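Below is one structure, written out as structure tokens; the observations come after it.
The values are calculated or read from the model by the stated rules, or taken from the named source; none is laboratory data. Please read all numbers here as calculations on a predicted model, not as lab measurements. Cβ coordinates were reconstructed from backbone atoms using ideal geometry, including for glycine residues, and neighbour counts include every protein chain displayed. For accessibility, only protein heavy atoms count, side chains too; no ligands or nucleic acids. Shrake-Rupley method; radii C 1.70, N 1.55, O 1.52, S 1.80 Å.
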Amino acid sequence: MPAIETENLTKTYGSLIAVDHISFEVRTGEVFALLGPNGAGKTTTIRMLTGLTRPTAGDARVLGFDLRRDLPRIKKHIGVVPERSNLYDELSAFDNLVFAMQLYGVPRRERGARADELLRRFRLEGKRDVPFARLSRGMRRALTLAAALVHRPRLLFLDEPTVGLDVVSAHGLRALIERLRGEGVTIFLTTHYLEEAERLADRVALLVQGHIVALDTVEGLKARVRRGSTVEVHLVGAAGEERLCFHGEDTEAALRLALAHAEAEGKQVVTINTLQPTLEEAFIELTGLSAEVMLAEKGSSNVA
Ligand SMILES: Nc1ncnc2c1ncn2[C@@H]1O[C@H](COP(=O)(O)OP(=O)(O)O)[C@@H](O)[C@H]1O
Ligand SMILES: [Mg+2]
């Protein structure tokens, strides 16, 4: 049974189609990334799948349960880490976790021990009694993730998990996500960072203006755009040096072109690198967008 199945899932706001008939499956145990620029419909998709907003049209099954009929059962087994934390500023790290456990119906006698276990696991034991608002951004995000795990969900939704975090905190959070995957938790995350999808996801759906334009493994997406092989050569001759790329249908063909060029120009080959296609190249070719679109942050973006 897939962890998530959607069929023509759609959300409109007035005349705006935020999510436009998307159909996809998330396999149990995988990390699935919804990758797209700001405004693509990522958050709206998560909000529909977690019961925060009702789909305008289409269907979805989450953990085998019908989204429209079985929402309470779905909620018992999923965890959600929203882009903006849902924890309480004035409650301590420990009290926030206990409060989350109350909401999820974790038995009272288990709460204290489980909260301390989670604090240790997220390296927040030293912040046990510190109010949420006084934690660093990275710690707030980690605690929000911990609070989403109090009831041991089988499926975790993460909306832009590392946005706004410094490099070190982002790295730590990604390591936590990888560890959860290792424990068998299915992970559905959204991101507008190509590199994040590439690092974390087993499969990636490219979402643009509410449409899924491609869905595959990172390798599969790369393989779609560039057939053949590219080599980069560093050449040195009397007139100076240059670095050039040659593309052929395989590495041998690309190398032949490079060597023919070197010979024709009377230059010597210093180094040769085989270039691997990047997810960025795949993204550009599959979406028709520039990679800069992904860098546009909210507010500064005029991308639909
Ligand atoms: N509550 C809402 N009312 C009206 N429009 C909305 C609402 N939520 C989102 N939108 C619009 O839907 C589109 C998709 O938004 P969103 O799902 O937040 O995108 P993303 O998370 O990919 O940045 C955007 O054009 C956004 O302005
Ligand atoms: Mg969003």
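Which net charge results when you count Lys and Arg as +1 and Asp and Glu as -1 among the other residues whose beta-carbon is under 15 Å from that of Gly266?
Numbers: positive: Lys267; negative: Glu241, Glu242, Glu263, Glu265.
Net local charge, Gly266 excluded: -3.
Convex hull volume of the Cα atoms in region 156-304, per residue, in Å³? Provide the component values of the computation, followed by the final result.
Details: hull volume 25.1 nm³, N = 149.
It is 168 Å³ per residue.
For the chain, the longest stretch holding no trypsin sites (Lys or Arg not before Pro) located in a DSSP loop with at most 16 other Cβ atoms within 10 Å is which?
On the way: sites that count: Arg27, Arg68, Arg69, Arg84, Arg123, Arg128, Arg154, Arg226, Arg227, Lys298.
Answer from the scan: 155-225.
Helix 167-182 against the longest principal axis of the chain: what's the angle in degrees, Cα atoms only, rounded to the nearest 10?
Tilt of helix 167-182: around 70 degrees.
Determine the calculated [θ] at 222 nm for the chain from helices alone, applying -39500 (n - 2.57) to every DSSP H run no shorter than 4 residues and normalising by the residue count; nearest 500 deg cm²/dmol.
-11000 deg cm²/dmol, from helical runs alone.
With a cap of 15 neighbouring Cβ atoms within 10 Å, and only residues DSSP puts in a loop, list the GluC sites (Glu not before Pro) found in region 199-300. List each step's numbers first, then the result.
Details: sites: Glu219, Glu232, Glu241, Glu242, Glu249, Glu252, Glu263, Glu265, Glu280, Glu281, Glu285, Glu292, Glu297; in loops: Glu249, Glu297.
For GluC sites (Glu not before Pro) across region 199-300 that sit outside H, G, I, E and B with at most 15 neighbouring Cβ atoms in 10 Å, the list reads Glu249, Glu297.
Excluding ligands, DNA and RNA, what is the solvent-accessible area per residue of the chain at a probe of 1.4 Å, expressed in Å²?
Solvent-accessible surface per residue comes out at 50 Å².
Any idea of Ile46's accessible area? Nearest 10 Å², probe 1.4 Å.
Using a 1.4 Å probe on the heavy atoms, I get roughly 10 Å².
Using amide H atoms built 1.01 Å from N in the peptide plane, name the residues 5+ places from His21, or on other chains, whose amide H lies under 5 Å from its own.
Excluding prolines and chain starts, which carry no amide H, the hits are Thr10, Lys11.
With +1 on each Lys and Arg Cβ and -1 on each Asp and Glu Cβ, and nothing else charged, work out how big the dipole of region 1-77 is about its Cα centre, in Debye to the nearest 20. Could the numbers behind the result be given before it?
Details: 11 positive and 8 negative charges, 76 e Å.
It comes to approximately 360 debye.
For Thr56, what accessible surface area do you get with a 1.4 Å probe? Give it in Å², rounded to 10.
Here the accessible area works out near 80 Å².
Longer than 28 Å from Cα to Cα, which of Lys11/Lys76; Lys42/Lys75; Lys222/Lys267 are they? Say none if no pair is. Present the calculation step by step, with values, prior to reporting the outcome.
Values: Lys11/Lys76 24 Å; Lys42/Lys75 19 Å; Lys222/Lys267 33 Å.
Pairs exceeding 28 Å: Lys222/Lys267.
With each label point set 7 Å from Cα along the Cα-Cβ vector, what nm distance links Arg243 and Arg69?
Output for this residue pair reads 6.0 nm.
Please arrange Val31, Val293 by accessible surface area, largest first, computed with a 1.4 Å probe and ligands excluded. Don't skip to the end; give the middle numbers.
Numbers: Val31 0, Val293 25 Å².
Output order, biggest surface exposure first: Val293, Val31.
Taking Cα atoms, how many degrees apart are the long axis of helix 108-121 and the longest axis of the chain, rounded to 10 and kept between 0 and 90?
The helix 108-121 is inclined about 20 degrees to the chain.
What is the antiparallel percent of DSSP beta bridges lying wholly in the chain, to the nearest 5? Walk me through the numbers on the way to the answer.
Working: 37 of 55 bridges.
If I count the DSSP bridges inside the chain, around 65 percent turn out antiparallel.
In degrees, nearest 10, range 0 to 90: what is the angle between the Cα axis of helix 251-265 and the longest Cα principal axis of the chain?
40 degrees
Can you list residues whose amide H is under 5 Å from Val80's amide H, if they're 5+ apart or on another chain and H is modeled 1.01 Å from N?
HN-HN under 5 Å from Val80: Phe157.
Mind jotting down the three principal axis lengths of the chain based on Cα atoms? Whole angstrom, largest first.
79, 46, 38
If you bin every alpha carbon distance in region 227-276 into 5 Å steps from zero, what whole percent lands in each bin?
Reading the bins upward from 0: 5, 26, 34, 20, 10, 4, 1.
Ignoring everything but the protein chains, give the 1.4 Å probe accessible area of Thr50 in square angstrom, nearest 10.
Per-residue accessible area (Thr50): approximately 0 Å².
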